[in-house]
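Okay, so here's the structure we're looking at.
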Amino acid sequence: MSFSARSGCRVLLLCLMASGGAAAAEVEDGEALYRAGKYDECARMAAEEIAGVGGWSERWRVLKALAEMRRGHYAEAMETVERGMRRFPASINLRLLARDVFRYNGRADAVPVLMEELERVVQGSPQTFATPESRVAIGRYFLLMKQDSRKVLDLCYDTAIKEQPGLVDAYLAIAELALAKQDFALAAETLRKAPKEAAADPHYHFLLASAYSPEDQSGSEKELAEALKLNPHHVDSLLLRVDHLVDAEKYDEAAAIIKRVQEVNPHEPRAFAYLAVLAHLRNDAQGEAAARRLALAHWAANPEVDHLIGRKLSQKYRFAEGSSYQRKSLDFDSDYQPARIQLCQDLLRLGEEDEGWKLAAGIFAADAYNVVAYNLSTLHDRIAAFRTLQGDGFVVRMDPREADLYGPRVLELLSRAKKTLAARYGASPPAPVIVEIFPQRREFAVRTFGLPGADGLLGVCFGRVITANSPASQGAHPSNWEAVLWHEFCHVVTLSKTRNKMPRWLSEGISVYEEERADPSWATPMSPKFREMILGKELTPLSQLSAAFLGAKTATHLQFAYYESALAVEFLVERAGLPSLQQVLDDLGAGVPINEALPRRTGMTLKQLDERFAAFARQRAQRVAPQASWDEPELPPEADSSALSAWVEKHPKSFPGLRRLAAKLIEEGKLARAREVVETLRSLYPEYVGPENPYMLLAAISRKQSDAAAERKALEELAARDGSASPALLRLLEIEEAAHDWNAVVRDANRLLAVNPLIAAPYRGLAVASESLDQLDRAVGAYRAVARLDESDPSDLHYRLARLLQKQGRRDEARREVLMSLEEAPRFLDAHKLLLELAGNAATGQPAPAPAANPTPNQGSRP
């Protein structure tokens with residue numbers, strides 16, 4: 001059930017506690033049994049009390065029906081509710097419960113009449129809802145009636161907490177509402193503020209687990225463990241654990257938990273929905289259909305069943321199948337908001353944008369509190385202002401300023417990736433492929449997931465839709481955007497080839513592997529931490545690699561999941577060959593599970609694959625810095641080079657110690673000794689390009705010693721190893737321009753533009769170098785980019801552009817540029833001469849003087 005539907009049980013428990021009546025202490029005993037999952041005992045106790053002195057208590061009847069519903073005894077619950085309503089014709093509690101009881105007994109057609117009766121009861125006795133407890137109950141009733149969520153929050157729930165700060169159920173109600181609206185942050189914050197006694201209720205822990213689930217799987221699992229400790233039969237918690245296991249591709253474990261659920265309630269529709277998901281993932285169409293039929297056996301129009309199946313399939317990137325299920329859900333209930341918002345996101349990820357954006361607007365219009373709908377509606381207005389570029393089967397949307405600067409480079413890179421990767425994997429990518437590049441991280445996260453967050457992600461591919469962060473969203477040192485788009489387009493190819501039926505580890509592993517093949521500087525090097533993890537006990541078996549992504553404890557563990565997945569792909573290609581990998585992808589597209597396809601195509605059993613991959617990874621790790629040791633200096637941060645040198649003498653191969661000593665020696669100006677230490681560092685671990693790497697240290701030493709050649713050599717080696725080393729590339733441009741090595745300037749300007757195309761330096765270098773090499777078209781384009789990014793000397797830039805355009809015979813454009821130059825500097829003599837020359841009235845008839853090769857401010861005979 002959705003959070004709003006499942007809250008019915010909480011409504012009734014709250015109303016029970018708020019009601020008067022006999023044997024209150026005994027009812028509390030029954031409620032304790034219910035919370036502990038002892039549903040049969042609870043129902044028996046309630047039946048005995050109803051037959052005896054508790055016959056006049058509405059509370060016992062509600063509790064009995066709740067326990068019967070939890071066990072799947074729907075007919076018994078129906079009898080209990082009907083007798084109760086006859087005995088208590090004005091009971092709000094029984095009618096709230098009857099809403100679900102009727103549905104699960106094939107009487108959904110009676111629910112509208114029931115709700116009309118309930119509305120008359122509520123309106124007929126408003127004084128009943130004057131207490132804080134009753135405000136929470138009536139708030140839940142208003143939500144069932146689709147009243148304004150914000151008003152319910154303000155007038156019912158918040159007011160109840162103000163009147164009674166210790167009212168646990170008010171906090172739970174707010175969390176339920178927030179989760180239903182996908183406001184996970186508010187749900188978690190509210191639950192953390194709840195009174196301490198809330199922790200005695202498994203429902204509290206389940207709600208907190210649900211709030212944590214999207215971003216903090218370990219925290220979510222911790223709360224599920226607490227819930228199941230209090231109630232081992234807590235179905236909601238068991239099913240959330242199933243959800244996590246399906247995400248981790250631990251399908252056998254998920255099936256085992258489903259059996260536990262069915263021991264509690266053999267008819268639980270969500271259990272059968274998850275079985276339908278598992279059947280689909282096994283390519284078992286008959287099993288999928290059979291499980292769905294059983295899920296709908298008791299409530300034939302239950303919209304949650306198809307929504308749940310579709311949601312899980314979409315989370316497996318099967319958006320077409322997922323959206324089909326959402327449409328089935330909406331056939332049952334066109335206003336079922338969870339299905340509407342999931343369908344909206346599915347459509348946007350499928351590239352069916354007109355319908356997707358229209359649906360987002362409709363959801364937001366109907367429910368202004370739905371966080372995802374609000375975020376998407378706001379984002380739609382932003383994307384409408386983007387520039388659209390098209391070519392070679394791509395539709396690229398970018399911020400207009402960024403599109404002017406590097407949009408053509410994006411199209412060229414994507415076209416090259418398409419030509420290379422489609423041929424390599426024998427796939428035909430869909431057309432068009434939509435690529436959206438966002439200058440703000442929040443916009444990227446909303447377009448990708450519907451919610452802010454997504455920290456650490458640079459891009460995401462859904463099949464024919466790619467979303468990416470632009471360099472503008474990444475701070476001073478962005479990642480190489482060309483590598484990011486190459487990686488994401490590789491996903492387009494492999495997802496297309498497998499019809500989106502591939503495990504995450506293989507999809508990510510191939511993309512990371514192909515980055516290195518495209519450009520060695522894009523490779524992810526084996527860091528000291530990764531080496532430690534491989535040689536320790538943290539390498540994931542190849543057959544379980546998808547779990548490494550879901551179970552990542554830290555950002556480092558998530559990065560390691562990408563690394564070890566790429567290592568696994570390299571292992572497969574090396575041991576079985578690329579054709580075998582291609583055959584595995586074909587098998588996946590035909591519905592063969594990965595752990596069946598791999599043995600079939602590699603000739604190795606899963607056990608052999610795991611063992612041989614582990615040996616392969618260990619050998620690779622052992623080859624990295626084999627002579628180095630990893631002892632950390634046990635010295636205070638302020639230790640000088642003498643103290644560090646003394647420590648290093650006892651630990652001469654310590655990579656951390658040598659790094660620290662080298663940095664301190666440079667700081668103290670002891671450059672000759674620093675160079676010796678850095679050379680030792682480089683010989684121990686030449687692959688290392690992290691903080692205080694030997695190349696940057698050597699460059700720093702050489703610069704202090706005015707040794708430009710040595711500095712350049714160190715920086716070139718770093719740039720060859722690290723495609724995102726923008727500080728090194730910036731310095732290289734300075735050195736190369738000073739040496740008038742124009743071909744090198746062109747090469748490294750382009751390298752830097754692949755990292756950060758939003759700064760002037762690479763364009764300025766490219767402009768001067770291209771002009772010197774008489775490559776005028778490129779020089780014009782580069783100068784125009786400089787003009788957009790650097791306003792320090794616009795008159796000179798426009799003058800230079802005018803000169804170049806004049807050389808190309810583009811007189812009208814040249815005239816416009818020179819006039820713009822004079823607008824900035826009216827007494828710029830050289831610009832006046834050029835204007836006369838362009839007009840055909842130059843006094844001397846000689847060409848205007850050429851600007852200097854290296855532009856500086858206030859140049860060109862201006863006051």
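The values are calculated or read from the model by the stated rules, or taken from the named source; none is laboratory data. For clarity, every value in this text was computed on a predicted model and none was experimentally measured. Here Cβ is always computed from backbone atoms with ideal geometry, including for glycine, and neighbour counts include all displayed protein chains. Heads up: the accessible areas ignore ligands, DNA and RNA and are worked out on the full protein's heavy atoms, side chains in. Shrake-Rupley method; radii C 1.70, N 1.55, O 1.52, S 1.80 Å.
The Cα atoms of region 410-513 cover 37, 27, 25 Å along the three principal axes, with the biggest extent listed first. Near SER702, once Lys and Arg are set to +1 and Asp and Glu to -1 for all other residues with Cβ below 11 Å from its Cβ, the sum equals +4. Just to confirm the number: angle between the C-alpha axis of helix 829-839 and the first principal axis of the chain, 0 to 90 degrees, nearest 10? Roughly 90 degrees between the two axes.
Highest average first, the peptides 540-553, 748-761 ordered by how many other beta carbon atoms sit within 10 Å of their residues are 748-761, 540-553. Taking only protein heavy atoms and a 1.4 Å probe, the accessible area of region 81-227 is 52% carbon and sulfur. Summary of the geometry: region 791-824 and region 365-380, compared by the centres of their Cα atoms, lie 47 Å apart. In the calculated pair distance distribution of region 215-336, what percentage of Cα-Cα distances lie above 23 Å? Counting every Cα pair in region 215-336, those more than 23 Å apart make up 29 percent.
Solvent-accessible area per residue in the chain equals 42 Å², computed with a 1.4 angstrom probe and all protein chains kept. Could you tell me how far the Cα centroid of region 675-716 sits from the Cα centroid of region 179-232, in Å? The distance from the Cα centre of region 179-232 to that of region 675-716 comes to 51 Å.
Using the Cβ-Cβ distance between GLN619 and GLN440 with R0 set to 41 Å, the FRET efficiency from 1/(1 + (r/R0)^6) comes to roughly 0.40. With contacts taken as Cα pairs under 8 Å and at least 6 residues apart, the chain reaches a relative contact order of 6 percent. For ARG575 and ARG327, a Förster radius of 41 Å and the Cβ-Cβ distance give a FRET efficiency of 0.40, rounded to the nearest 0.05.
Residue ranking by accessible heavy-atom surface, 1.4 Å probe, largest first, among ILE309, ILE594 comes out as ILE594, ILE309.
Report the gain in length on full extension from ALA672 to LEU144: 0.36 nm times residue separation, minus Cα-Cα distance, nm rounded to one decimal.
Net length gain for the segment: 182.4 nm.
Packing-wise, with mean Cβ within 10 Å as the measure, how do 691-701, 622-632 rank, highest first? Don't skip to the end; give the middle numbers.
Values: 691-701: 21.7, 622-632: 14.1.
Ranked by mean Cβ neighbours within 10 Å, highest first: 691-701, 622-632.
In this calculation the C-beta distance from LYS229 to ALA256 is compared with R0 = 30 Å, giving a FRET efficiency of 0.95. Counting only alpha carbon atoms, the long axis of helix 353-366 and the longest principal axis of the chain meet at about 50°. Pairs of Cα atoms nearer than 8 Å and 6+ residues apart set the relative contact order; for region 456-536 it is 23 percent.
Output the Kirkwood hydrodynamic radius of region 695-778, Cα pairs only, in Å rounded to one decimal. Evaluated on region 695-778, it is 12.7 Å. Just to confirm my numbers, what's the Cα centroid distance between region 286-302 and region 29-68 in Å? Each part's Cα centre sits 30 Å from the other's. The long axis of helix 269-281 is offset from the longest Cα principal axis of the chain by roughly 40 degrees.
If you count only protein heavy atoms and use a 1.4 Å probe, how large is the accessible surface of GLU189, to the nearest 10 Å²? GLU189 exposes around 80 Å² with every protein chain in place. Cα gyration tensor of region 633-683, axes a ≥ b ≥ c as square roots of the eigenvalues: rounded (a/c below 1.5), prolate (a/b > b/c) or oblate? Verdict is oblate for region 633-683.
Work out, in µm²/s and without decimals, the Stokes-Einstein translational diffusion coefficient of region 685-838 at 10 °C, 1.306 mPa s, Rh from Kirkwood over C-alpha pairs.
On the way: Rh = 16.8 Å.
Here the translational diffusion coefficient equals 94 µm²/s.
If Rh is defined by the Kirkwood formula over all Cα pairs and Rg also comes from Cα, what ratio Rg/Rh do you get for region 524-683? All intermediate terms of the calculation are to be shown ahead of the outcome.
Working: Rg = 21.1 Å, Rh = 18.4 Å.
Taking Rg over the Kirkwood Rh, I get 1.15.
Across region 404-492, C-alpha contacts under 8 Å between residues 6 or more apart give a mean separation that, scaled by the residue count, equals a relative contact order of 32 percent.
Where the convex hull is taken over the Cα atoms of region 651-712, what is its projected area averaged over directions, in nm²? Provide the component values of the computation, followed by the final result.
Values: hull surface 15.4 nm².
So the mean shadow area of the Cα hull is 3.8 nm².
Summed over all non-identical Cα pairs, the Kirkwood treatment of the chain gives a radius of 31.4 Å.
Surface composition of region 394-499: carbon plus sulfur atoms hold 53% of the accessible area, using a 1.4 angstrom probe and ignoring ligands, DNA and RNA. Projected over all directions and averaged, the alpha-carbon convex hull of region 750-820 occupies 4.3 nm².
On region 510-631, 48 percent of the accessible area sits on carbon and sulfur atoms, based on a 1.4 Å probe. Gyration tensor analysis over the Cα atoms of region 563-624 returns equivalent ellipsoid semi-axes of 22, 12, 9 Å (largest first, whole Å).
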